[in-house]
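Trainee: My questions all concern the structure below.
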Amino acid sequence: MTEWVAFTVEISERVAQVTLTGPGKGNAMGPDFWRELPEIFRELDADPQVRAVVLTGAGKHFSFGLDLTAMAGTLATVLADNAKAAPRTAFLKDVRAMQASVTAVAECSKPVIAAVSGWCIGGGLDLIAAADIRLASADAQFSLREAKVAIVADIGSLQRLPGIIGEGHLRELAYTAKDIDAARAEKIGLVNDVYPDQEAVLAAAHALAREIAANPPLVVQGIKDVLETRTAPAVAEGLRYVSAWNSAFLPSADLTEAITAVFQKREPDFKGE
């Protein structure tokens, strides 16, 4: 395996553990994350020694989501005054590349189990939505946070979560951008089970991955392939639509206010402009 900047990858007993490592605070998702994620999952997909993947975060948290500081250049292309077709097209390509990074997890032929501790915010939720199975520790907290920063979530949560938690729960999380704890996440089906702490959830994820890996690998991969035919076309269509929507409508006074408020550590005052 390659040496990575934003991840570590370890393989043992036919199970790969992919760990988010940042380098942003709380394993925030910067340029290295978006570049390396699909490369890693392509390698794991092609490795016959790997039959299942555990996806987790280093330290106390799974991920704080998009690294706004590191990704400021991507947002700047479309936030410039009177942005014309060229910067909007560049932004569209950037969003679709980020979407493809997370889609690489869903398209990996090996089942992926997300083991979540601490915060899982925004892009972190997009990422675990692309996993096959999600487990959490009791301290895990989840937030589809984009509405609070004046963004329509565009990396996959709105497309994948309906099949996981249902329309009503998804709309509540998306419209409010509220935080939910592990108990609530289990109740609505976002996670399958909750464990006492980070060590326990990681151990449970590996035990489940080994149980999967003990089955005929091509059959398991066939099951995933068949299941994906139900959802993949609708997800792909939704991703294309939201990327075009954000390229057209993302620039706003409210988005500028949201980003300014984050850096000034204050509550935003949205005007609907």
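Trainee: Report the accessible area of Lys271, computed with a 1.4 Å probe over the heavy atoms of all protein chains in place, in Å² rounded to the nearest 10.
Mentor: Rounded to the nearest 10, the figure is 130 Å².
Trainee: Please list Arg171, Arg134, Arg240 in order of solvent-accessible area, largest first, computed with a 1.4 Å probe with all protein chains present.
Mentor: Arg240, Arg171, Arg134
Trainee: Give me the accessible area of Lys84, 1.4 Å probe, in Å² rounded to the nearest 10.
Mentor: 140 Å²
Trainee: Can you tell me the 0 to 90 degree angle between the C-alpha axis of helix 167-176 and the longest principal axis of the chain, rounded to 10?
Mentor: 50 degrees
Trainee: Measure nothing but the geometry: give the 0 to 90° angle between the long axis through the Cα atoms of 217-249 and the longest principal axis through the Cα atoms of the chain, rounded to 10°.
Mentor: 0 degrees
Trainee: Pop a pseudo-label 7 angstrom from the Cα along the beta-carbon direction at both Glu273 and Glu43 and give the gap in nm to one decimal.
Mentor: A separation of 4.9 nm, rounded to one decimal place.
Trainee: Just to make sure I understand: if all protein chains stay in place, what is the order of Val226, Val242 by accessible area at 1.4 Å, largest first?
Mentor: I get Val226, Val242, largest accessible area first.
Trainee: Give the cross-link partners of Lys148 among the lysines, using a straight C-alpha distance below 30 Å as the criterion and excluding same-chain residues fewer than 8 apart.
Mentor: Once the sequence-local lysines are set aside, what remains near Lys148 is Lys25, Lys60, Lys84, Lys93, Lys178, Lys187, Lys265, Lys271.
Trainee: Still on this model: Lysines near Lys224 by alpha-carbon distance under 20 Å, same-chain residues fewer than 8 away left out - which ones?
Mentor: Lys110
Trainee: Could you tell me the accessible area of Phe249 in Å² (1.4 Å probe, neighbours in place), rounded to the nearest ten?
Mentor: Estimated to the nearest 10 Å², Phe249 gives 120 Å².
Trainee: Provide, in order from the shortest bin, the percent of all Cα-Cα pairs of segment 85-128 in each 5 Å bin, continuing until the bin that contains the maximum pair distance.
Mentor: Spelled out per bin, shortest first, that is 5, 18, 21, 18, 16, 11, 6, 4, 0.
Trainee: Still on this structure, I have one more. Considering only protein heavy atoms, with the full assembly of protein chains and a 1.4 angstrom probe, order Leu44, Leu208 by accessible area, largest first.
Mentor: Output order, biggest surface exposure first: Leu208, Leu44.
Trainee: Using modelled backbone amide H atoms (1.01 Å from N, in-plane), which distant-in-sequence or interchain residues come within less than 5 Å of Gly57's amide H?
Mentor: The answer is Leu20, Ser117.
Trainee: May I pose another question? Using Cα pairs closer than 8 Å and at least 6 residues apart in sequence, work out the relative contact order for the chain, in percent.
Mentor: With pairs under 8 Å counted, the relative contact order is 19 percent.
Trainee: Please list the non-local residues whose amide H lies under 5 Å from the amide H of Asp193, H modeled 1.01 Å from N, same-chain partners needing a gap of 5 or more.
Mentor: The list, which skips near neighbours in sequence, is Ala136.
Trainee: Per residue Cα convex hull volume for segment 26-175, in cubic angstrom?
Mentor: Output value, Cα hull per residue: 119 Å³.
Trainee: With θ set to phi - 60°, apply the Karplus curve 6.51 cos²θ - 1.76 cosθ + 1.60 along segment 149-164 and write out the HN-Hα couplings as whole Hz, x wherever there is a Gly or Pro.
Mentor: Per residue, the Karplus-derived 3J(HN,Hα) values read 10, 6, 10, 7, 3, 10, 10, x, 4, 5, 8, 9, 5, x, x, 9 Hz.
Trainee: Dimensions of segment 201-270 along principal axes (Cα, Å, largest first)?
Mentor: Each principal axis gives a Cα extent; for segment 201-270 these are 54, 33, 12 Å.
Trainee: Please go through segment 11-82 and write out the trypsin sites (Lys or Arg not before Pro) that DSSP classes as loop and that have at most 14 other C-beta atoms within 10 Å.
Mentor: Answer by residue number: Lys60.
The values are calculated or read from the model by the stated rules, or taken from the named source; none is laboratory data. Because the structure is predicted, anything quoted here is derived from the model rather than measured. Neighbour counts are summed over all protein chains in view; Cβ atoms, including those assigned to glycine, are modelled from backbone coordinates with ideal geometry. Protein only, heavy atoms only, side chains kept; ligands, DNA and RNA dropped before computing areas. Shrake-Rupley method; radii C 1.70, N 1.55, O 1.52, S 1.80 Å.
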